[in-house]
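Below is one structure, written out as structure tokens, with a few remarks after it.
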Amino acid sequence: MLTSQMIKDAARRAGADACGIAPISRMATAPDEMNPKFLFPRAKSMIGFVFRIPRGVQRGIEEGTQFFQYPSMAYGGINEIFAPAVLYSVGKIIEDEGYEAFVYRNTGARGVVSDMDGSQGSTLSPEEEIEVHENAKTSTAHHRSVQFTRATREDNVPPDLQFSFRLAAVACGLGEMGYSKMLLTPEFGPLQRVAFIFTDAELEYDEMYHGEPLCKKCMKCVRECPGHCIPDAKTGKTVKVNIAGKECEWGDIDMWRCYAFYTHAGRYYNPFVPKEVWDANENGSLDLMEKEGVEANEQEIMKVYTSLQKYFPSWVGYNMAKCGGCIRACVSRLERGDGCMAGRFEEPLRTRTKPWKLDR
Ligand code: SF4
Ligand code: SF4
């Protein structure tokens, strides 16, 4: 007989760092187009897997010496290699017991709703739009949402169904939402990615996390964001979501603005783009990053990507994250005192009093 313990043991053996299991009904408050219960009608259980991001992949960014390991190992490596292998392995155990394992890797696929701003229909991501323009004659356009998708039958939602990984992880008892909108877990703070299996097997379920609040509401993530993308709690600009009775709240982060800054980081935090390029700001293409009050939208971000992409291209199919500001800020806080990461490492991530900043 298939049990939760069998699944958790298999997950650990295969290389997951944590595993939590919830009834799929905990996602009942999600909008239909993002509710995993529509994935398949008999789905009863949702199994969440945590894959740690080694703290060491942030070391190069923290020191200002090496920026490639974070996007390649933490995004590319986990999403494309480590997590799918675990889903495959655990899925086989579930199916050997006669139940279905709907494996759901960390995605890259697109749904009817934009994963950037929740809007319906066509919103191109910058790197995809560049690709569309450059390969218009040879490639099919990719979109942040799939604009022409339609429900395949009555009372169904349009494919591909995407859901909030972070909130699903909260539902599985794996952690809580941080003010920065990152998932925080008691084991790894903000340093993980997650993936899921949905199954028709009924299992024993984990409670949602109810220990000491994982987020310290310290606003370090707000202060250390190079793009000022996360509004301070004092502004009252937060998002609140209730997951099966658990209140989740985070700063209403400007996702498009983050898209520009986490990849290109701005004048003071991107050592790959010469000062002269920022100074010249040719055709106003860097207005979003250089001037105040410029709205972050696809058009502005396209300009930024088109002019800066060549200084540090996407070599692993993922944007070359250079900021890591909110993650590093959060780790630095959670390693101290009453933070959930206190005592995990002999030495803290941050050994200087302040993060580096280019003098220009
Ligand atoms: S930096 Fe502070 S406020 Fe931000 S998510 Fe981490 S603990 Fe919460
Ligand atoms: S990833 Fe970077 S740009 Fe985005 S919110 Fe975090 S610190 Fe700001």
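Where a number appears in this text, it was derived from the coordinates with a stated rule and is not lab data. These numbers were taken from a predicted model, which means no experiment stands behind them. We place every Cβ from the backbone using ideal geometry, glycine too, and count neighbours over all the protein chains shown.
Using θ = phi - 60° in the Karplus curve 6.51 cos²θ - 1.76 cosθ + 1.60, the 3J(HN,Hα) couplings for region 39-55 round to 4, 7, x, 8, 4, 10, 10, 10, 10, x, 10, 9, 10, 5, 8, x, 4 Hz; x is entered for Gly and Pro.
Compared with the dominant Cα axis of the chain, that is its longest principal axis, helix 83-96 is turned about 10°.
Rounded to 0.05, the FRET efficiency of the GLU247 and LYS357 pair, given R0 = 45 Å and the Cβ-Cβ distance, is 0.80. I want the antiparallel fraction of DSSP beta bridges within the chain, as a percent rounded to 5. Roughly 95 percent of the beta bridges in the chain run antiparallel, per DSSP.
Once the other residues with Cβ under 14 Å from the Cβ of GLU292 are scored (Lys, Arg +1; Asp, Glu -1), what is the net sum? Net local charge, GLU292 excluded: -2. Per-residue packing, averaged as other Cβ atoms within 10 Å, sorts the ranges 86-95, 325-334 into the order 325-334, 86-95, beginning with the highest. For the chain, the list of Cys residues with no other Cys C-beta under 4.7 Å reads CYS19, CYS172, CYS215, CYS218, CYS225, CYS248, CYS323, CYS330, CYS340. Cα-Cα pairs above 18 Å in region 238-360: how many percent? Counting pairs separated by more than 18 Å, the tail of P(r) holds 63 percent.
Each residue of region 277-286 is assigned a 3J(HN,Hα), and the resulting list reads 5, 5, 4, 5, 6, 4, 6, x, 5, 10 Hz, derived from the Karplus form 6.51 cos²θ - 1.76 cosθ + 1.60 (θ = phi - 60°), x at Gly and Pro. Per-residue extension of 0.36 nm, minus the Cα-Cα distance of ALA342 and MET255, leaves a gain of 28.4 nm for this segment. Each 10 Å bin, from zero up to the one with the longest distance, holds this percent of the alpha carbon pairs of the chain: 5, 22, 33, 26, 11, 2, 0.
Each residue of region 329-335 is assigned a 3J(HN,Hα), and the resulting list reads 4, 5, 4, 4, 6, 6, 7 Hz, derived from the Karplus form 6.51 cos²θ - 1.76 cosθ + 1.60 (θ = phi - 60°), x at Gly and Pro. Legend: ranking of residues PHE196, PHE68 from fewest to most surrounding C-beta atoms inside 10 Å; resulting order PHE68, PHE196. In terms of the mean number of neighbouring beta-carbon atoms within 10 Å, the peptides 274-281, 298-305, 24-31, 182-189 order highest first as 182-189, 298-305, 24-31, 274-281. Each Lys or Arg adds one and each Asp or Glu takes one away; over the other residues whose Cβ falls under 11 Å from the Cβ of LYS216, this sums to +2.
Do the alpha carbons of any pairs in LYS291/LYS354; LYS275/LYS354; LYS44/LYS220 sit beyond 32 Å of each other, and which pairs? Violating the 32 Å Cα-Cα cut-off are LYS44/LYS220.
Applying 0.36 nm per residue to the separation of LYS237 and HIS210 and subtracting their alpha-carbon distance, the gain on full extension is 7.3 nm. Here the convex hull built on the C-alpha positions of region 181-268 has a volume of 149 cubic angstrom per residue.
Would you mind telling me which residue in ALA244, ALA74, ALA195 has the biggest mean-square fluctuation in a Gaussian network model of the chain, where springs connect alpha carbons within a distance under 10 angstrom? Residue with maximal mean-square fluctuation among ALA244, ALA74, ALA195: ALA244. With the cut-off at under 20 Å, measuring from each backbone N in region 287-321 to a point 7 Å along the Cα-to-Cβ line of THR65 picks out 321. Taken along the Cα-to-beta-carbon direction at a fixed 7 Å, the label points for SER89 and GLU282 span 4.9 nm.
Principal axis extents of the Cα atoms in region 2-106, from largest to smallest and rounded to whole angstrom, are 50, 33, 18.
The simple Förster model, with R0 at 56 Å and r as the Cβ-Cβ distance, assigns GLU100 and GLU292 a FRET efficiency of 0.60.
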